[in-house]
Amino acid sequence: MSQDLYASLGVSRSASADEIKKAYRKLAMKYHPDQNKGDAEAEAKFKEISHAYDILKDEQKRAAYDRYGNSAFDGSMGGGMGGGAGMGGMGGMGGAFSDIFEDMFGDFMGGAGRARGGAQQSTRGSDMQYTMELTLEEAFKGKETTIKIPTNQSCDSCDGSGAEKGTSSTTCSTCGGQGRVRQQQGFFTIERTCPTCDGQGKVIEKPCKKCAGSGRMHKEKTLKVKIPAGVEQGRRIRLSGEGEAGLRGGASGDLYVLINLKPHKFFKRDGAHLFCRVPVPFTQAALGGSVEVPTIEGTRGSVKIPAGTQTGQQFRLKGKGMSVLNSSQRGDAFIEIFVETPVNLNKKQEDLLRQLDKSMGGDGNGDKDPGKAAKHSPESSGFMSKVKDFIDDLKE
């Protein structure tokens with residue numbers, strides 16, 4: 001054909017690849033034989049634009065055309081570029097149109113990820129997850145341990161190839177090694193996974209007897225895992241390539257170790273800080289003193305509480321919290337006081353409490369005059385005064 005290829009598509013010589021593709025797609029839809037049955041003129045036009053696009057879509061062919069014109073492809077230059085890409089009838093021009101079709105519908109019809117150039121598509125192994133339970137102390141210190149993972153590993157008989165020793169796989173004759181096959185159904189081209197090789201592009205004639213041709217076997221694998229100090233609940237540690245072996249020599253997946261921290265009998269964790277609720281007898285809270293508390297290191301610490309300490313008050317132990325991940329720093333420990341009311345009192349103890357109550361503005365039976373009790377129990381006295389004011393306001 002000696003037509004001006006750019007003119008055939010209705011684009012300028014400076015048109016971009018996207019502009020050329022867009023122009024061809026529009027014309028191909030208009031002149032496709034299925035849309036113009038029995039129209040010889042439309043069929044001729046379709047061949048013309050398909051020929052033009054088949055050359056201009058290829059950077060090397062386009063450069064040759066721009067320099068030498070049609071002579072680059074008509075054989076007058078000693079073979080040229082190998083002809084007009086198979087223009088022998090509708091089969092040749094279908095290649096250009098199918099490229100446009102794949103751009104429009106390829107992913108929807110399963111075209112994504114197809115094998116090209118006869119290369120075998122190896123299948124990557126699946127990622128795996130292992131849940132590791134740790135105590136808070138182990139998370140504080142860090143830990144090195146071993147774990148056992150049941151997984152698919154590369155077959156040691158065929159080295160993961162899936163073929164019996166001394167044999168090899170061959171190119172699939174059904175798909176020519178592409179891993180996918182196409183079927184023309186009227187206006188549409190349907191692409192699907194090759195049923196013969198399951199998309200591998202290769203066929204094993206003599207499968208390995210040990211792994212039945214899969215290239216992997218189910219085994220238990222032992223791994224060393226290093227847990228860093230300060231690791232937190234829900235963190236995942238990635239072990240690259242330690243997951244399931246790939247199919248027929250494919251890359252292995254990854255193993256993710258998920259950290260799950262067990263509840264602690266004393267501490268609650270908030271980031272790098274620890275909180276510990278410590279009960280204190282009401283006499284000690286009233287008079288003050290020292291309280292022994294546990295530490296995450298497994299030792300005992302001492303906290304001095306002042307006289308008149310109330311429930312909910314917190315005291316900080318600086319630098320006694322959790323290790324900070326990937327750092328030499330530590331969080332703090334917070335001791336929260338809970339004042340315990342005495343129980344199981346004998347008669348003498350009750351009398352002593354009544355005497356104390358009277359000395360603090362009470363009547364000896366637990367009832368108090370807010371005015372007299374304010375000095376020793378300011379919070380409760382203040383609360384009762386607010387209650388009185390609230391009720392008086394409602395009566396008005």
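The values are calculated or read from the model by the stated rules, or taken from the named source; none is laboratory data. All values reported here derive from a predicted model rather than from experimental measurement. Note that each Cβ is placed from the backbone with ideal geometry, even for glycine, and that neighbours are counted across all protein chains shown. Remember, those area values only see protein heavy atoms, side chains included, never the ligands or the DNA or RNA. Shrake-Rupley method; radii C 1.70, N 1.55, O 1.52, S 1.80 Å.
Among the conditions (1) open to solvent by 60 Å² or more (accessible area, probe 1.4 Å); (2) touching a residue at least 12 places away in the same chain (Cβ under 8 Å); (3) within 29 Å of Glu138 (Cα to Cα); (4) not basic (Lys, Arg), Ala272 misses just one, which is (1). Could you look through the stretch 235-263, keep only residues that are open to solvent by 40 Å² or more (accessible area, probe 1.4 Å) and among the small types (Gly, Ala, Ser), and pick out the one that is nearest to Thr135 (Cα to Cα)? The qualifying residue nearest to Thr135 (Cα to Cα) is Ser240. Note on the stretch 303-337: among residues that are among the hydroxyl-bearing types (Ser, Thr, Tyr) and under 35 Å from the mean Cα position of the chain (by Cα), the one that is modelled with the highest pLDDT is Ser323.
Number of residues in the stretch 10-52 that are open to solvent by 10 Å² or more (accessible area, probe 1.4 Å) and either touching a His at 6+ places or on another chain (Cβ under 9 Å) or in a helix (DSSP H, G or I) (or both): the value is 23.
Every test in (1) within 30 Å of Asp332 (Cβ to Cβ); (2) crowded, with 18+ Cβ neighbours inside 10 Å is passed by Glu232 save one, and that test is (2). Listed by first and then second residue, the pairs with beta-carbon distance under 6 Å, at least 6 apart or on different chains, first residue in the stretch 245-258 and more than 8 Å from Arg216 (Cα to Cα), second of a type in the set (Val, Ile, Thr) and open to solvent by 40 Å² or more (accessible area, probe 1.4 Å), are Gly250/Thr123; Leu258/Thr131.
Checking every residue in the stretch 313-321 against the condition of being assigned to a strand (DSSP E or B), surrounded by 15 or more Cβ atoms within 10 Å (Cβ to Cβ) and not hydroxyl-bearing (Ser, Thr, Tyr) gives at least one match.
Across the stretch 265-302, which residue is nearest to the chain's Cα centre (by Cα) among those that are β-branched (Val, Ile, Thr) and closer than 28 Å to Leu134 by Cβ? Before the answer, list the steps.
Start the filter on the stretch 265-302 by keeping residues that are β-branched (Val, Ile, Thr), which leaves 278, 280, 283, 291, 293, 295-296, 299.
Going one step further and asking which of them are closer than 28 Å to Leu134 by Cβ, we end up with 278, 293, 295-296, 299.
Details: Val278: 41, Val293: 41, Thr295: 36, Ile296: 33, Thr299: 40 Å.
Residue satisfying both the conditions and the ranking: Ile296.
Residue pairs whose Cβ atoms lie under 6 Å apart, sitting 6 or more positions apart in sequence or on different chains, and linking a residue in the stretch 191-208 that is more than 12 Å from Gly176 (Cα to Cα) to a partner that is open to solvent by 60 Å² or more (accessible area, probe 1.4 Å), are Glu191/Arg182. Against the list (1) aliphatic (A, V, I, L, M); (2) touching a residue at least 60 places away in the same chain (Cβ under 8 Å); (3) assigned to a loop (DSSP other than H, G, I, E, B), the condition Ala212 fails is (2).
Looking at Thr196, Thr189, Thr222, just one residue is at pLDDT below 85, among the hydroxyl-bearing types (Ser, Thr, Tyr) and assigned to a strand (DSSP E or B), and that residue is Thr189.
Has the stretch 263-286 got at least one residue that is more than 17 Å from Glu336 (Cα to Cα) and among the basic types (Lys, Arg)? The answer is no; no qualifying residue exists.
For (1) of a type in the set (Val, Ile, Thr); (2) without any contact (Cβ under 8 Å) to a residue 40 or more places away in the chain, each residue gets a yes or a no:
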position: Thr295; (1), (2): yes, yes
position: Arg300; (1), (2): no, yes
position: Lys304; (1), (2): no, yes
position: Gly308; (1), (2): no, yes
position: Thr311; (1), (2): yes, yes
position: Met322; (1), (2): no, no
position: Ser327; (1), (2): no, no
position: Asp332; (1), (2): no, no
position: Ile337; (1), (2): yes, no
